[in-house]
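Right, one structure below, let's go through it.
The values are calculated or read from the model by the stated rules, or taken from the named source; none is laboratory data. Predicted model only: the values in this text are computed from it and were never measured. Quick reminder, even Gly has a Cβ in these numbers, built from the backbone with ideal geometry, and neighbours come from all protein chains shown.
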Amino acid sequence: MERKGILLFSGGLDSLLAAQVLINQNIPLKAYNFMLPYEKENYNPENSAIAHYASHLNLDLTFVQCGEDYIDMLRNPAHGYGKNVNPCIDCKIFFLKKAKEILVDTDAAFIATGEVNGQRPMSQRKDMINHIEKAAGLQRMILRPLSARFFKPTIAEERGLVNREALLDIHGRSRKIQMELAEKYGFTDYATPAGGCLLTDPFYAHRTHELFEHSDRITQRDLYLLRLGRHFRITPSIKAIVARNAEETQTLLKTKSHNDTLFSTRFQGPAILVPGITELTDQQKMIVAALAARYGKPGDSDNDRLISVFEGSTEQTIIAKTVNNKEIEALKI
């Protein structure tokens with residue numbers, strides 16, 4: 001066991017401070033950020049704020065993309081959800097188990113987190129912190145530099161690899177001490193404390209639960225698409241995503257794969273993506289086209305209401321008919 005640590009690095013103020021406390025002891029750190037699967041597939045984290053914060057501390061940072069195994073956990077978390085679709089307890093266990101694999105491969109002495117005892121009611125109560133540690137199979141291997149005094153010494157501390165006297169005793173939900181430390185260490189450009197991840201957003205949570213109800217297999221792309229547009233459930237297996245602005249229209253155009261159907265208006269209107277479907281009935285096409293008419297600005301003549309429909313590699317032109325808005329709203333997710 002070498003005198004080095006693995007740091008779970010979110011880029012938030014607590015993880016910045018946890019890193020600084022250990023850096024002050026000249027402990028070599030390797031930082032890891034676990035990316036949740038709702039980013040677009042070509043997302044480049046090297047240009048992110050998290051990478052910027054790591055660079056500020058001269059941290060060696062690796063990004064790890066969470067994939068299908070995370071999505072499986074998200075669908076059915078053993079400890080349930082928080083208020084929305086946030087499986088905070090199982091999420092932490094998931095990250096720690098991944099970190100444990102890294103720990104074994106690198107022969108590091110401990111895993112460090114920015115957790116603060118009592119800061120969050122669901123996953124950072126002392127009893128739950130201890131439960132999560134046990135569930136991950138990492139008893140006495142997790143170092144919490146900001147709240148270490150509230151926990152039994154880790155193996156790394158007992159072996160003298162980490163000086164326990166230089167660790168902190170922050171407790172509770174107030175960020176006052178953290179902000180004072182941020183000023184002390186010259187951290188002026190950090191994320192707003194107490195911010196939540198997208199899974200805590202009620203709007204996104206509603207769409208995620210709805211997707212789980214209608215899809216047996218969910219991909220990273222599916223979770224990313226939940227962030228875009230207006231969503232309408234045409235049938236139990238068919239969903240249409242209507243762009244809300246020109247930027248989302250361009251995104252949907254770029255996102256289309258050969259397994260999707262895309263509706264592109266020839267009048268001023270939104271692009272509409274039907275993901276994972278390449279065969280629609282004429283009636284289903286007319287429903288989707290009606291969405292384009294509802295949220296676009298078609299003319300009065302048929303020529304001013306044309307829509308190109310790309311099903312896989314085939315193209316068809318149809319006319320968008322206006323329907324009762326109540327019928328449209330009834331389909332909205």
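Tell me, yes or no, whether region 285-300 has at least one residue that is in a strand (DSSP E or B) and within 11 Å of residue 240 (Cβ to Cβ). Within region 285-300, none of the residues are in a strand (DSSP E or B) and within 11 Å of residue 240 (Cβ to Cβ). For residue 67, indicate whether it is modelled with pLDDT under 95 and either in the same structural domain as residue 187 (by TED's automatic domain parsing) or among the polar types (S, T, N, Q) (or both). Against the criterion (modelled with pLDDT under 95 and either in the same structural domain as residue 187 (by TED's automatic domain parsing) or among the polar types (S, T, N, Q) (or both)), residue 67 qualifies.
Condition first: surrounded by 17 or more Cβ atoms within 10 Å (Cβ to Cβ) and not in a loop (DSSP other than H, G, I, E, B). Now tell me which residues in region 57-69 satisfy that.
Hits for region 57-69 are 61, 63.
All of (1) in contact with a Leu (Cβ under 6 Å, 6 or more places away or on another chain); (2) at positive phi hold for residue 116 with one exception: (2). Looking only at residues of region 238-288 that are farther than 19 Å from residue 217 by Cβ and among the β-branched types (Val, Ile, Thr), we find that the one that is nearest to the chain's Cα centre (by Cα) is 251.
Restricting region 110-144 to residues that are in a helix (DSSP H, G or I) and not aliphatic (A, V, I, L, M), the residue that is surrounded by the most Cβ atoms within 10 Å (Cβ to Cβ) is 133.
So that you can scan it fast, the table gives a plain yes or no per residue for (1) touching a helix residue (DSSP H, G or I) at 6+ places or on another chain (Cβ under 8 Å); (2) of a type in the set (D, E, K, R); (3) on the phi > 0 side of the Ramachandran plot:
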site: 134; (1), (2), (3): no, yes, no
site: 141; (1), (2), (3): yes, no, no
site: 155; (1), (2), (3): no, no, no
site: 170; (1), (2), (3): yes, no, no
site: 191; (1), (2), (3): yes, no, no
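For (1) part of a helix (DSSP H, G or I); (2) in the same structural domain as residue 173 (by TED's automatic domain parsing); (3) in contact (Cβ under 8 Å) with a residue 60 or more places away in the chain; (4) in contact with a strand residue (DSSP E or B) (Cβ under 9 Å, 6 or more places away or on another chain), each residue gets a yes or a no:
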{"residue": "25", "(1), (2), (3), (4)": "no, yes, yes, no"}
{"residue": "42", "(1), (2), (3), (4)": "no, yes, no, no"}
{"residue": "71", "(1), (2), (3), (4)": "yes, yes, yes, no"}
{"residue": "79", "(1), (2), (3), (4)": "no, yes, no, no"}
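Looking at region 155-172, I want the residues that are without any contact (Cβ under 8 Å) to a residue 24 or more places away in the chain and have a partner that is in a helix (DSSP H, G or I) and surrounded by 19 or more Cβ atoms within 10 Å (Cβ to Cβ) with Cβ atoms under 7 Å, at least 6 apart or on another chain. Which pairs are those? Pairs found: 164/148; 164/157. When residues in region 145-190 are screened for being surrounded by fewer than 16 Cβ atoms within 10 Å (Cβ to Cβ), within 25 Å of the chain's Cα centre (by Cα) and within 18 Å of residue 113 (Cβ to Cβ), 1 of them pass. Residues of region 215-237 that are modelled with pLDDT of 95 or more and surrounded by fewer than 15 Cβ atoms within 10 Å (Cβ to Cβ): 235, 236, 237. In region 81-100, is there at least one residue being more than 18 Å from the chain's Cα centre (by Cα), of a type outside the set (Ser, Thr, Tyr) and either modelled with pLDDT under 95 or not in a helix (DSSP H, G or I) (or both)? No: zero hits.
Residue-by-condition table, conditions (1) outside any helix (DSSP H, G or I); (2) under 26 Å from residue 14 (Cβ atoms); (3) not polar (S, T, N, Q):
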residue	(1), (2), (3)
168	yes, yes, yes
177	no, yes, yes
221	no, no, yes
227	yes, yes, yes
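Of all residues in region 238-251 being among the aliphatic types (A, V, I, L, M) and either over 18 Å from residue 297 (Cβ atoms) or in contact with a helix residue (DSSP H, G or I) (Cβ under 9 Å, 6 or more places away or on another chain) (or both), which is surrounded by the fewest Cβ atoms within 10 Å (Cβ to Cβ)?
Checking each candidate, the answer is 238.
For region 195-208, a residue qualifies if it is of a type outside the set (A, V, I, L, M, F, W, C) and surrounded by 13 or more Cβ atoms within 10 Å (Cβ to Cβ), and the qualifying residues are 196, 200, 201, 204, 206, 207, 208.
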